Structures are given as structure tokens and as C-alpha cells.
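Undergrad: Take this structure, written in C-alpha cells, and hold onto it; I'll ask about it next.
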Amino acid sequence: GAGVSQSPSNKVTEKGKDVELRCDPISGHTALYWYRQSLGQGLEFLIYFQGNSAPDKSGLPSDRFSAERTGGSVSTLTIQRTQQEDSAVYLCASSAWTSNVELFFGEGSRLTVL
Amino acid sequence: KNQVEQSPQSLIILEGKNCTLQCNYTVSPFSNLRWYKQDTGRGPVSLTIMTFSENTKSNGRYTATLDADTKQSSLHITASQLSDSASYICVVSAQAGTALIFGKGTTLSVSS
């Protein structure tokens, strides 16, 4: 596609439910990143994919968070047993490769856990 | 600890005026510094990327400067427009790959 596409744009869920957030990167981009942005805070790194592998998943806050990428393209971020502190905007970005290249961000998925 | 500090936290200016946003960092080793613009409810959009050897880079009315010795950067906006109202985020890369350190951003409001 022309840009990074994320879905859903908004998700309201009840505490304890599982949610899946999807990211469709720019075609041909091998690097894909997930970030979390809480109100008034900077972007928090979650996980990075190069192709289908995740060489750096150090930012995942707990074992309730997981992510996968298939076919070197679409990625899914899954949050199990959601908690209220998981409420945030989850941003996905892609780039052609790493090192000094521009990151292209999606519009984000706003998650609200009641 | 790698950190990126931005100031001011927020800023209100009149349309047509200039302004300068500051970014100080303690990230080491330094690879590059980026400025992003994030409109409300949107994803960040890149304005500039500067490496160690670059002191100034412009993108239209946006001019970024970098002093790698003092570990400071600034973003100067000339002849501000209402559409410049956004959050401006400074991002420093410690090394190629995933080590991007994000500042919390400066929220700019341009009023008529």
C-alpha cells in the first residue's frame, strides 16, 4: 500500500479480554517496529522485526504481550488479559532497512481498556 | 542512561511568528538525530534526519541544527502557520537498528 496501515483505529475492550492489533507495512519494507504512546509520554519501543524474525523484543512489557510477522509483511500485536494500564496508542512503523533511514508510521491503534 | 530531553514542554505563538524548539540528549554512541511532527490523532511524520557530520538541515520552513559536541539540537520554524500546530518529537539513535530514544515532545499551538 501507499503507507503503513493499522487496524483497528480504535478499540474499546473490557479488562481481561484479549486484543489483536494489526499492522500492514509499506510494501517492500523489511523492518517493522511496534511502539506504545501513552498520554503525555514519549514513544515506548516494544518490538522490532527484520523480515519475519524479531531480533529485539526487549520492549515488550510483560508476557501478556506478543507479536508475530508473517510473509515478511503483516504483523499482529496481541495483548492477552488486558489491563487498564495497557490503554494507549499503539503505533507501527516500517522502513526499507535499518540505519539512518526514515521510519514511516501508521496512524496508530487507540486501545481503551475499561 | 540514554535520555532525550525536550523543551519547552508546550509553546503558544501567533501565526507568522518564528519559534525554536530545543532537544538535549545523553545518548551514546550517537548515530543520528531525527525530528518528527505528530498531528493530533495521527502518526509521527519525519521532518529531518541528521548524522554526526551534519550541522544544519532544512525542510521548507523547518530548519534543524545539531551540535554533537554539546549534544544539543534545535528545530526552528519560520513564519509559522496554523497547520504547524502539532507535537514535535526529537529522536536520537544510539546505533543502527532498534535503539531509537524518543523525547516526550514539544506541543506547539499556533493561533491566529
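Rule-based calculations on the coordinates, nothing more; no lab input. For clarity, every value in this text was computed on a predicted model and none was experimentally measured. Note that we place each Cβ from the backbone using ideal geometry, even for glycine, and neighbour counts take in every protein chain shown.
Undergrad: For the range B:27-41 and the range A:24-67, write down the distance between their C-alpha centroids in whole Å.
TA: 16
Undergrad: Across the range A:61-75, in residue order, what do the Karplus-derived ³J(HN,Hα) couplings come to in whole Hz, using 6.51 cos²θ - 1.76 cosθ + 1.60 with θ = phi - 60° and x for Gly and Pro?
TA: x, 7, 6, 6, 9, 8, 8, 9, 9, 10, x, x, 10, 5, 10
Undergrad: Relative contact order, percent, of the range A:8-57 when contacts are C-alpha pairs under 8 Å separated by at least 6 residues?
TA: Once divided by the residue count of the range A:8-57, the mean separation gives 24 percent.
Undergrad: Residue separation times 0.36 nm, minus the C-alpha to C-alpha distance between residue A:83 and residue A:44: what's the value?
TA: Here the segment from residue A:83 to residue A:44 would lengthen by 12.3 nm.
Undergrad: Once you have the alpha carbon radius of gyration of chain B, what is it after dividing by 2.2 N^0.38 Å, with N set to its residue count?
TA: Details: Rg = 13.4 Å, N = 112, 2.2 N^0.38 = 13.2 Å.
Relative to the rule-of-thumb radius for its length, chain B sits at 1.01.
Undergrad: If you don't mind, there's one more thing I want to ask. Pairs of alpha-carbon atoms within less than 8 angstrom and 6+ residues apart define the contacts here; what relative contact order does chain A have, in percent? Walk me through the numbers before you get to the answer.
TA: Details: 289 pairs, mean separation 41.9, N = 114.
So the answer I get is 37 percent.
Undergrad: Which whole-number percent is the relative contact order of chain B (Cα, under 8 Å, 6+ apart)?
TA: 37
Undergrad: Report the FRET efficiency, 1/(1 + (r/R0)^6), for residue B:14 and residue B:53, where r is their Cβ-Cβ distance and R0 is 30 Å, rounded to 0.05.
TA: Numbers: r = 36 Å, r/R0 = 1.20.
Using R0 = 30 Å, I get an efficiency of 0.25.
Undergrad: Pull up the cross-link candidates among the lysines for residue B:17, meaning alpha carbon to alpha carbon under 22 Å and not fewer than 8 places away within one chain.
TA: Those lysines meeting the cut-off are B:37, B:57.
Undergrad: Hey, another quick one. Please compute the volume of the convex hull spanned by the alpha-carbon atoms of the range A:16-71 and report it per residue in Å³.
TA: Values: hull volume 6.0 nm³, N = 56.
Normalising the Cα hull of the range A:16-71 by residue number yields 108 Å³.
Undergrad: Treating only the Cα positions of the protein assembly as shown as identical point scatterers, give the base-10 log of I(q)/I(0) from the Debye formula at each q in 0.18 Å⁻¹.
TA: At q = 0.18 Å⁻¹ the computed log10 ratios are -1.33.
Undergrad: While we're here: Just grab the label-to-label distance for residue B:69 and residue B:5, each label 7 Å out from Cα along the Cβ direction, in nm (one decimal).
TA: So the label points at residue B:69 and residue B:5 sit 2.1 nm apart.
Undergrad: Another question, if that's okay. For the range A:57-114, what is the convex hull volume of the alpha-carbon atoms per residue, in Å³?
TA: So the per-residue Cα hull volume is 104 Å³.
Undergrad: Quick test of your reading: applying the under-4.7 Å Cβ rule, which cysteines of chain B are isolated?
TA: B:19
Undergrad: OK, next. To the nearest whole number, what is the average tally of beta carbon atoms from other chains within 10 Å of the beta carbons of peptide A:102-109?
TA: Numbers: counts 6, 9, 4, 7, 2, 4, 5, 0.
What the average comes to for A:102-109 is 5.
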